[in-house]
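The values are calculated or read from the model by the stated rules, or taken from the named source; none is laboratory data. Being a predicted model, the structure only gives us computed values, none of them experimental. A quick note on method: Cβ atoms are made from the backbone with ideal geometry, for glycine too, and the neighbour counts reach across all protein chains shown.
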Amino acid sequence: MLYEFGRCRLEDTQRVLTREGQRVPLPPKTFDLLLFLVRGSGRAFSKQELLSALWPDAFVEEANLFIDAAHKAHAKFQQSLNILGGQVGPSAGAA
């Protein structure tokens, strides 16, 4: 599915994020987190939901891994996406 927000496009099947047509490299877990958040646009998630979605088969030390991942994801959003307000969801032309 294709998701569009601001000047960005996120293609989940090919695992590609582009901004203004340029590919934005993301580490795998950062991409997973972005996709999870985009798919759940408009709702808040608990730490347990995020941990279960991103690390379903692993024991995760919250104090280390969760905080590190959240900080990295937030920094990447700020740097790579220049977060733009507005709706995030499937592209009107996506099927």
(request) Output the residue which, of all residues in segment 13-39 that are under 10 Å from the mean Cα position of the chain (by Cα) and not in a helix (DSSP H, G or I), is farthest from LYS72 (Cα to Cα). (result) LEU17
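Only one of these is assigned to a loop (DSSP other than H, G, I, E, B), out of contact with any helix residue (DSSP H, G or I) (no Cβ under 9 Å at 6 or more places or on another chain), basic (Lys, Arg) and modelled with pLDDT of 70 or more: ARG9, ARG43. Name it.
Of the residues listed, the single one that is assigned to a loop (DSSP other than H, G, I, E, B), out of contact with any helix residue (DSSP H, G or I) (no Cβ under 9 Å at 6 or more places or on another chain), basic (Lys, Arg) and modelled with pLDDT of 70 or more is ARG43.
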(request) Can you run down the residue pairs with Cβ atoms below 8 Å, 6 or more apart or on separate chains, where the first is in segment 16-29 and at negative phi and modelled with pLDDT of 90 or more and the partner is part of a strand (DSSP E or B) and of a type in the set (Ser, Thr, Tyr)? (result) VAL24/THR18
